[in-house]
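So the structure is just underneath, and the comments pick up after that.
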Amino acid sequence: MTIKQRIAAIAGGVATAALLAAAPAQAIDLSNGWALNGKFYFYASAADNNLVVTGPASTGPVAGFHNSRNYLMLSGPVASDLKFKLTLDQRTDAGSVFVKHAYLDKQLANNMNVLVGLNGTPYIPWDEKNFWGYRFVEKSYLDFWGLHSSADLGVSLKGTNKDSKLQYHVSVMNGEGYNNTGEGRSLEFSGRVGFALTPEIQIGAFAIEESNEGGAAANADSSTKVVYGFFGNKQFLIGAQLLLDADDGDPAAGGDWQGGDGLNIQGHFNVNPKVQLFARHDIINSGAAAAKDQTLTIIGAGMDMGNGITIAPNFRDYDDGLVGAASNADTSYNVHAQFKF
């Protein structure tokens with residue numbers, strides 16, 4: 001793709017996002033405390049288009065204009081200490097609508113809730129909201145590399161201690177993810193524990209243990225472990241996630257992760273209340289025979305346009321560690337946009 005074509009595609013994305021900014025942005029209030037919210041992801045890209053249809057790289061940008069993801073959320077109180085949430089998730093590339101969330105949220109104490117049903121897993125939603133922050137640009141670390149799902153069917157307990165320095169979220173779930181049918185042969189135990197050493201410094205760990213992953217008797221137990229830490233204040237945030245011993249089963253049963261490890265470094269810098277620079281670098285190795293290091297780098301700027309519109313011009317580079325015709329490495333120049341109400 002020529003420089004002229006790249007500039008034209010990016011300029012078109014900026015113009016589209018600017019036009020969208022005229023739309024109002026507020027939740028639709030229904031009766032008795034119920035509300036309807038939405039999030040919609042768009043992007044324009046000038047990409048090499050060396051991507052394959054499977055694997056992590058398949059989530060990468062494709063040249064042209066796209067509406068990549070849409071969410072509608074209905075939530076409200078059932079009783080004074082009981083809420084319900086329903087989230088519909090539509091992936092425009094697949095043309096399918098999934099139920100991502102359908103759960104009851106019961107408050108057990110001031111700082112403790114239990115969630116029952118199709119609810120968020122302990123780590124990925126937390127990373128998306130508190131650490132990475134740019135889900136409309138790309139999935140968070142574990143999600144992008146296919147190591148866990150952002151939601152699943154089961155029971156979760158989450159909360160903090162009185163001063164909120166200690167946070168916890170533990171779950172017992174199917175382990176199949178929200179858009180897959182549970183096969184009923186395994187259970188997944190997962191949990192995240194975080195601790196605020198100071199108002200600026202947080203550390204924590206996340207672990208998954210699943211018995212008989214995939215339901216096949218020959219499969220070994222699967223597991224994944226992550227430790228993380230970050231420093232953040234009103235001006236900037238920087239931190240890292242260290243992936244340890246990612247294993248999804250016996251190689252003979254088709255497992256892709258066999259003692260895999262990796263590192264993610266990411267952060268952002270607030271230029272002013274409306275503009276934020278962000279960057280991320282992933283390196284990962286599945287641990288499978290003859291596996292190569294894979295990397296993902298994203299550098300961009302998030303711009304709050306008002307009225308629920310955020311645009312994020314960004315550069316992205318994916319490298320699968322292979323060379324020549326076998327490689328699916330891809331470089332792209334993109335403008336991503338999110339509209340939410």
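The values are calculated or read from the model by the stated rules, or taken from the named source; none is laboratory data. Just so you know, these numbers come straight off a predicted model, no measurement behind them. Because the Cβ atoms are built from the backbone with ideal geometry, glycine has one as well, and the counts that use them run over all protein chains shown.
Annotations for the structure displayed:
- Criterion (of a type in the set (Gly, Ala, Ser), on the phi < 0 side of the Ramachandran plot and within 16 Å of the chain's Cα centre (by Cα)) met by exactly one of 140, 211: 140
- Among the residues making up the range 231-245, those that are more than 16 Å from residue 124 (Cα to Cα), in a strand (DSSP E or B) and either out of contact with any Asp or Glu (no Cβ under 7 Å at 6 or more places or on another chain) or at pLDDT below 85 (or both) are 236, 237, 238, 245.
- Criterion: within 20 Å of residue 61 (Cβ to Cβ) and either at pLDDT below 80 or not acidic (Asp, Glu) (or both) - qualifying residue of 263, 296: 296
- Cross-chain or 6+ apart pairs with Cβ under 7 Å, the range 146-159 first and closer than 17 Å to residue 111 by Cα, then modelled with pLDDT under 95 and surrounded by fewer than 21 Cβ atoms within 10 Å (Cβ to Cβ): 159/111
- Whichever residue in the range 99-145 is touching a helix residue (DSSP H, G or I) at 6+ places or on another chain (Cβ under 8 Å) and hydroxyl-bearing (Ser, Thr, Tyr) and, among such residues, is surrounded by the most Cβ atoms within 10 Å (Cβ to Cβ): 123
- Enumerated strands (runs of 3 or more DSSP E) restricted to the range 246-341, each holding at least 2 residues that are within 30 Å of residue 200 (Cα to Cα), out of contact with any His (no Cβ under 7 Å at 6 or more places or on another chain) and among the β-branched types (Val, Ile, Thr): 275-285, 294-306, 309-319
- Pairing residues of the range 315-331 that are farther than 22 Å from residue 278 by Cα and at pLDDT below 80 with residues that are charged (D, E, K, R) and part of a strand (DSSP E or B), at Cβ distances under 9 Å and at least 6 apart in sequence or on separate chains, gives 327/319.
- Per the listing 32, 50, the residue uniquely surrounded by fewer than 16 Cβ atoms within 10 Å (Cβ to Cβ), in contact with a strand residue (DSSP E or B) (Cβ under 6 Å, 6 or more places away or on another chain), modelled with pLDDT under 95 and not β-branched (Val, Ile, Thr) is 50.
- Here 195, 131, 144 are screened, and the one residue that is aromatic (Phe, Trp, Tyr) and in contact with a strand residue (DSSP E or B) (Cβ under 6 Å, 6 or more places away or on another chain) is 195.
- Subset of the range 135-165 [closer than 13 Å to residue 264 by Cβ and of a type outside the set (A, V, I, L, M, F, W, C)]: 138, 139, 140, 141, 143
- In summary, strands (runs of 3 or more DSSP E) completely within the range 78-179 and bearing 3 or more residues that are among the hydrophobic types (A, V, I, L, M, F, W, C) and at pLDDT below 95 occur at 96-109.
- Given (1) closer than 30 Å to residue 241 by Cα; (2) surrounded by fewer than 16 Cβ atoms within 10 Å (Cβ to Cβ), index of the condition residue 69 fails: (2)
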